[in-house]
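Note sheet for the following structure.
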Amino acid sequence: MTQNNRLEGGLIDRSKTLRFTFDGKTYQGHQGDTIASALLANDVRLMGRSFKYHRPRGPLTAGSEEPNALVELREGNRQEPNTRATTAELFDGLSAKSQNRWPSLSFDAMGVNDLLSPFFAAGFYYKTFMWPKAFWEKLYEPIIRRAAGLGSLSMEADPDVYDKGFLHCDLLIIGAGPAGLSAALTAGRAGARVILAEEDFLLGGRLNAETFEIAGMAGHAWAAQTQAELASMDNVRIMTRTAILGAFDHGIYGALERVSDHLAVPAAGKPRQTLWRIYAKRTMLCAGAVERPIAFKNNDRPGIMLSGALRTYANRYAAAAGQTVALFTNNDDGLRSAADLAAKGVDVVAVIDTRADGPSVQAGAHFKGAQVVDAGGKLGLNTITIKLANGQTTRINCTALGVSGGWNPNVHLTSHQRSTPKWDEKIAAFVPESTPAEMSVAGAANGDMSTHAALANGAKQAVTALKDIGIKATAGRTPKAEDEPINVSPFWYVEHKGRAWVDQQNDVTVKDIKLSHQEGFRSVEHLKRYTTLGMATDQGKTANVPGLAIMAEMTGKSIPDTGTTMFRPPYAPTSFGAFAGRHRDEDFRPIRKTPSHKWAEEHDAVFVETGMWLRAQWFPKPGETHWRESVDREVLATRKSVGICDVTTLGKIDVQGTDAATFLNRVYCNAFAKLAVGKTRYGLMLREDGIAMDDGTTARLSENQFVMTTTTANAVPVFRHLEFCRQCAWPDLDVQLISTTEAWAQYAVAGPNSRKLLQKIVDKDFDISNEEFPFMGCGEITVCGGLRARLFRISFSGELAFEIAVPTRYGDSMMRALMEAGEEFDVVPYGTEALGVMRIEKGHAAGNELNGTTTALNLGMGRMVSKKKDSIGSTLSEREGLNQADALNLVGFKPVNSDETFSAGSHFINSDAQANAANDQGYMTSVCYSPNLGHTIGLGYLKDGANRMGETTRAVNPLMGEETEVEIVSAHFIDPEGERLRA
Amino acid sequence: MIINHPLLGPRDSQEFTYLGDMSLINRPDWEADDAVDQFHEYLYLRDNPAGEHKELWFHEQGDRSWLVVTRNTLTHDITKVEIAKDIARQMGRSK
């Protein structure tokens, strides 16, 4: 395929020919092309189908504001929908597909929507698919989603990596057009740390698209020369292919660098994209301006584009959108295209200026005070109809039409912190009113519409910004450059019966805006929601201002009174991959491994995530096919002889100081002041509102040193809470805290033979007999011939049990030593499931019971709350509402028929009552099969449960259709007298 | 946002955990006759100013200082950052 529409010159590298496919057909382009420019060079104007009506569309722009030319890039797992053909760089072997069409781009069956357009006006969905309600989810929505859609996903995992990074600078310059380059030169020469971020892959902005000269050389050559100087400065970082996504508080900016999007496959070790967080002392927005279209009937024909885009394609990419071109403008800048295109040898057949008094141009037929009223050529423009100043119409054949309705300064980022732009009559556009404190604006983004003004203000603003942060800079002499006004005369749409497109991405017409007004949706924010104007990937960058200008005309208000919709980040479409970065799959969050992890892996443990921790859930033995077999075995073996469980994950907080006991007495609701040295006590911690927060055991190692344990889940919140108490509530208490969760490896050794096992490894100097080391004792000891350790005689399982802690680096060895010492007792390792079964059998509360809604009273610990002292939550725990006579009590449940079972989450309903919320008697919190009892058991909260022992009730689970008759029993299924743990 | 930590200098607010109004420092006297009312007010009734607000932030991924940050809730301007322990003492809290 030859490049029929390829012109002379341009900034493409003709020595590098790149082959690519579009909808399966092979084309050629050059290095420096985008997909859009290469397709245009190959005389392909039709690039997509519109969202709602499936109208054939070509590119409207030559940049990131593109509404139409969205394509699906690449194949297989790298397939990427909704990529703007106008910014996607060409590489050899690139494959692109058009979207939203079937069976083909030129014949799209859904094009029938266009014929049905009278039914699809704004608000159509809201009005039509309202009834019957059930049809919405099952019928209407799936059909609409299939018909109206953008690209499709590969449904495969993305093979590339995405990174996140952090950068700091004195001055962040957003945009590398004449203003940005001038600012960067000024700041760079002053030695400031500068980041120059440019969305494009070339620096220069419009300088690459225009024929302007700067200092006697071509604009793009000046840009290249400036880039070379900046690149030589160590204090300047040039970031191309980098879009600033948002301006956040205190000079923090989000940026997306498309590191490898222009390559077939990222280079080894390189990410596809990097999401940067930039901390800037000062920022200059030099983001330029975006041209806006004029709406007229059929102004969406492929081949109709913005006038400035025609120039970009011709001057920068050496591509003509068509061989015969017409121009339609309301301003002088629109006229520039005539000369530029003619100079490139393109046949400019007509120039239509809405102004009767516009300047004359030397190209084609020039119609002043005229309008384009219609365009023909379904799959590509072939004719336009012009209404002349005298009211007559005439038709002209052309294959491309450049339209200019003026330029909108790119104020987006100035408004991310709620400031709204102001209307500037001189350029008939919004310009920044106020900006975030650290931001200034220069160049076209600020309404400086000439190259000279951009260069001068860029340098000047840089000097001011740097002065604010104590860096002295001087603006050099502004190089000689173009300095013409654009003389725009506002003109938004051509009055006509047909459909004139305002927002091409969302298929919003002038008529839709009028309808919105007619139906009362007149505020711009309502207009946006009702018509979808300004939504989706382009966020209405070309459509918003014309849309609100038309609304202003309807309401009779001025444009500034009508205002703009709120600008919000991200400025440019950003993939989820970039936001996720490396936080995906197994790296979604950090993994914490217990000290016995390696040993557990060697012994085939099945692991479970508990927060960030990976814990052994059970240890299947050969031949065990169901998890219950392993868990039942671990429970029975522990209760029969001895079992070992890694309990390192429980939070450990070291509490020291002369006021440590006083402190603990205030953070636990039960008494702690008089806990003896060498003793451990169960503690219940309340929130200030009287609800149970956490529980655990705290051991007094010496007069002024305690070791507190928390539940695994609450280790972090409890520590935060304690620091609050220490620093804010009682700042003068002499108490210090440190988390030692990861400093100590801790193992529960449980079962009747646990003491015998430990005696084999505890050094002879330490007597751990029942007499010398009774239940709830604790102490610092040595094991294995001198290794320092801590021993606690505490029991979660209800058996005679100990917890032994050694410095974490000995954790693995300790596990192995314990298992070896236990061999003669048939020791078993047990996981979190067996741990859970044993604590339910014993009636110990855990996270299911301490669920953030329950009080000490509910837990059966009401009397533990000391009324003789101040402690967090004690006062409010006395509130009437928390102390009703029929309050929930934690009790045990077993099935009346022991073959039956029930589930946690079931609610209790009295035998004769209907199963509904009004008859709710409480709920089941924990359920397991007890291998010791041979049937299912449960813990749960039941109204007045403590006084209902022996009664029967129903555990009802309507979700599962379950209902079981259950007997209310003590929560302590095993050893209610506590003889085992004191043995 | 950036919080200028009095000991550590400017830090990203991502390192912090937010709690709420500084008045939470002022924990009531449990022995007062109307202690329940006072605690109720302390815990549940707080001003929600559209403007300057003194609030508690915890440097959880830093030095574990609780800070009192004076922040404008409309603009996010931070005008003062103090160590909460010092403020608590100034408010008469001790042991």
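Mind listing just one residue for me: the one in region A:666-682 that is outside any loop (DSSP other than H, G, I, E, B) and either basic (Lys, Arg) or away from chain B (no Cβ under 14 Å) (or both) and, of those, surrounded by the most Cβ atoms within 10 Å (Cβ to Cβ)? For region A:666-682, the residue satisfying everything is A:680.
If you scan region A:230-249, which residues turn out to be more than 14 Å from every other protein chain (Cβ to nearest Cβ), of a type in the set (Gly, Ala, Ser) and surrounded by 20 or more Cβ atoms within 10 Å (Cβ to Cβ)? If the condition is that a residue be more than 14 Å from every other protein chain (Cβ to nearest Cβ), of a type in the set (Gly, Ala, Ser) and surrounded by 20 or more Cβ atoms within 10 Å (Cβ to Cβ), then A:243 is the only one that fits. Is at least one residue of region A:743-760 in the same structural domain as residue A:641 (by TED's automatic domain parsing), outside any loop (DSSP other than H, G, I, E, B), at pLDDT 95 or above and basic (Lys, Arg)? Yes, that holds for at least one residue.
Filter region A:935-950 down to the residues that are open to solvent by less than 40 Å² (accessible area, probe 1.4 Å) and outside any strand (DSSP E or B), then identify the one that is nearest to residue A:849 (Cα to Cα).
Initial filter on region A:935-950 (open to solvent by less than 40 Å² (accessible area, probe 1.4 Å)): A:935-942, A:945, A:948.
Keeping just the survivors that are outside any strand (DSSP E or B) gives A:945, A:948.
Working: A:945: 15, A:948: 19 Å.
Among them, the one singled out is A:945.
Taken together, B:50, B:84, B:35, B:88 contain a single residue that is more than 11 Å from every other protein chain (Cβ to nearest Cβ) and either touching a Ser or Thr at 6+ places or on another chain (Cβ under 8 Å) or open to solvent by less than 40 Å² (accessible area, probe 1.4 Å) (or both), which is B:50.
In region A:413-439, of all residues being crowded, with 23+ Cβ neighbours inside 10 Å and not in a loop (DSSP other than H, G, I, E, B), the one that is farthest from the other protein chains (Cβ to nearest Cβ) corresponds to A:429.
Considering only region B:14-28, state which residues are in contact with a helix residue (DSSP H, G or I) (Cβ under 8 Å, 6 or more places away or on another chain) and either farther than 16 Å from residue A:731 by Cβ or within 8 Å of chain A (Cβ to nearest Cβ) (or both). Break it down stepwise before answering.
Let us first name the residues in region B:14-28 that are in contact with a helix residue (DSSP H, G or I) (Cβ under 8 Å, 6 or more places away or on another chain), namely B:17, B:19, B:22-28.
B:17, B:19, B:24, B:25, B:27, B:28 - these are the residues of region B:14-28 that are in contact with a helix residue (DSSP H, G or I) (Cβ under 8 Å, 6 or more places away or on another chain) and either farther than 16 Å from residue A:731 by Cβ or within 8 Å of chain A (Cβ to nearest Cβ) (or both).
For region A:642-665, which residues satisfy the criterion of being part of a loop (DSSP other than H, G, I, E, B) and touching a strand residue (DSSP E or B) at 6+ places or on another chain (Cβ under 8 Å)? If you could, list the steps in order and put the result at the bottom.
So the first thing to find is which residues in region A:642-665 are part of a loop (DSSP other than H, G, I, E, B), and the list is A:642, A:647-650, A:657-659.
Result: A:642, A:647, A:648, A:649, A:650, A:657.
Considering only residues in region A:683-718 that are within 14 Å of chain B (Cβ to nearest Cβ) and either assigned to a helix (DSSP H, G or I) or of a type in the set (Val, Ile, Thr) (or both), the one that is most open to solvent (accessible area, probe 1.4 Å) turns out to be A:716. In the list A:370, A:400, A:363, which residue meets the criterion of being surrounded by 19 or more Cβ atoms within 10 Å (Cβ to Cβ) and under 30 Å from residue A:561 (Cα atoms)? Testing whether each residue is surrounded by 19 or more Cβ atoms within 10 Å (Cβ to Cβ) and under 30 Å from residue A:561 (Cα atoms) leaves just A:370.
Here the condition is being touching a Lys or Arg at 6+ places or on another chain (Cβ under 7 Å), open to solvent by 20 Å² or more (accessible area, probe 1.4 Å) and within 30 Å of residue A:757 (Cβ to Cβ); of A:870, A:826, A:812, it holds for A:812 alone. Within region A:53-65, the set of residues being crowded, with 21+ Cβ neighbours inside 10 Å and either outside any loop (DSSP other than H, G, I, E, B) or within 24 Å of the chain's Cα centre (by Cα) (or both) comprises A:56, A:57, A:65. The residue that is farthest from residue A:570 (Cα to Cα), counting only those in region A:511-544 that are surrounded by fewer than 24 Cβ atoms within 10 Å (Cβ to Cβ) and of a type in the set (A, V, I, L, M, F, W, C), is A:515.
On the basis of being loosely packed, with under 14 Cβ neighbours inside 10 Å and assigned by TED's automatic domain parsing to the domain that holds residue A:893, does residue A:959 make the cut?
On the way: loosely packed, with under 14 Cβ neighbours inside 10 Å: yes; assigned by TED's automatic domain parsing to the domain that holds residue A:893: yes.
So residue A:959 fits the description; yes.
Filtered by the rule that a residue be free of Cβ contacts under 8 Å to residues at least 24 places away in the same chain and open to solvent by 10 Å² or more (accessible area, probe 1.4 Å), region A:731-765 gives A:732, A:759, A:763, A:764, A:765.
The helices (runs of 4 or more DSSP H) found entirely in region A:451-565 that carry 2 or more residues being closer than 26 Å to residue A:306 by Cα and at pLDDT below 95 are A:510-518, A:524-531, A:544-555, A:559-562. For region A:314-337, does any single residue satisfy the condition of being under 29 Å from residue A:434 (Cα atoms), under 39 Å from the mean Cα position of the chain (by Cα), surrounded by 24 or more Cβ atoms within 10 Å (Cβ to Cβ) and among the small types (Gly, Ala, Ser)? Among the residues of region A:314-337, not one is under 29 Å from residue A:434 (Cα atoms), under 39 Å from the mean Cα position of the chain (by Cα), surrounded by 24 or more Cβ atoms within 10 Å (Cβ to Cβ) and among the small types (Gly, Ala, Ser), which makes the answer no. Among the residues of region A:440-457, those that are open to solvent by 20 Å² or more (accessible area, probe 1.4 Å) and either polar (S, T, N, Q) or farther than 21 Å from residue A:294 by Cα (or both) comprise A:440, A:446, A:448, A:452, A:453, A:456, A:457.
Would you mind finding the one in A:375, A:343, A:370, A:350 that is at pLDDT below 95 and among the small types (Gly, Ala, Ser)? Step through it out loud before you land on a result.
On the way: A:375 fails: at pLDDT below 95; A:370 fails: at pLDDT below 95; A:350 fails: at pLDDT below 95.
The conditions single out A:343.
More than 14 Å from chain B (Cβ to nearest Cβ) and of a type in the set (A, V, I, L, M) - does that describe any residue in region A:250-258?
Narrowing region A:250-258 to residues more than 14 Å from chain B (Cβ to nearest Cβ): A:255-258.
Right, trim to of a type in the set (A, V, I, L, M) and you get A:255-256.
Yes, region A:250-258 has at least one match.
Scanning region A:73-124 for residues that are touching a Ser or Thr at 6+ places or on another chain (Cβ under 8 Å) and part of a helix (DSSP H, G or I), we see that the one that is most open to solvent (accessible area, probe 1.4 Å) is A:119.
Comparison of B:65, B:23, B:94 shows that the only residue that is more than 16 Å from the chain's Cα centre (by Cα), polar (S, T, N, Q) and either under 18 Å from residue A:725 (Cα atoms) or surrounded by 14 or more Cβ atoms within 10 Å (Cβ to Cβ) (or both) is B:94. So if I check each of A:781, A:804, which one is without any contact (Cβ under 8 Å) to a residue 60 or more places away in the chain, assigned to a strand (DSSP E or B) and under 46 Å from the mean Cα position of the chain (by Cα)? Step by step, each of A:781, A:804 is checked, and only A:804 is without any contact (Cβ under 8 Å) to a residue 60 or more places away in the chain, assigned to a strand (DSSP E or B) and under 46 Å from the mean Cα position of the chain (by Cα). When each of A:908, A:902 is tested for being of a type in the set (Phe, Trp, Tyr), away from chain B (no Cβ under 14 Å) and not in a loop (DSSP other than H, G, I, E, B), the lone residue that passes is A:908. Across region A:263-295, the number of residues qualifying as over 30 Å from residue A:450 (Cα atoms), touching a Leu at 6+ places or on another chain (Cβ under 8 Å) and not aliphatic (A, V, I, L, M) comes to 5. Annotation: residue A:882 fulfils all but one of (1) within 19 Å of residue A:920 (Cβ to Cβ); (2) open to solvent by 20 Å² or more (accessible area, probe 1.4 Å); (3) in contact (Cβ under 8 Å) with a residue 60 or more places away in the chain; (4) not in a helix (DSSP H, G or I); the unmet one is (4).
The values are calculated or read from the model by the stated rules, or taken from the named source; none is laboratory data. Please read these numbers as outputs of a predicted model, since none were measured by experiment. Every residue, glycine among them, receives a Cβ derived from its backbone with ideal geometry; neighbour counts consider all protein chains shown. When the accessible area is computed, the model is the full protein with side chains, heavy atoms only, and any ligands, DNA or RNA have been set aside. Shrake-Rupley method; radii C 1.70, N 1.55, O 1.52, S 1.80 Å.
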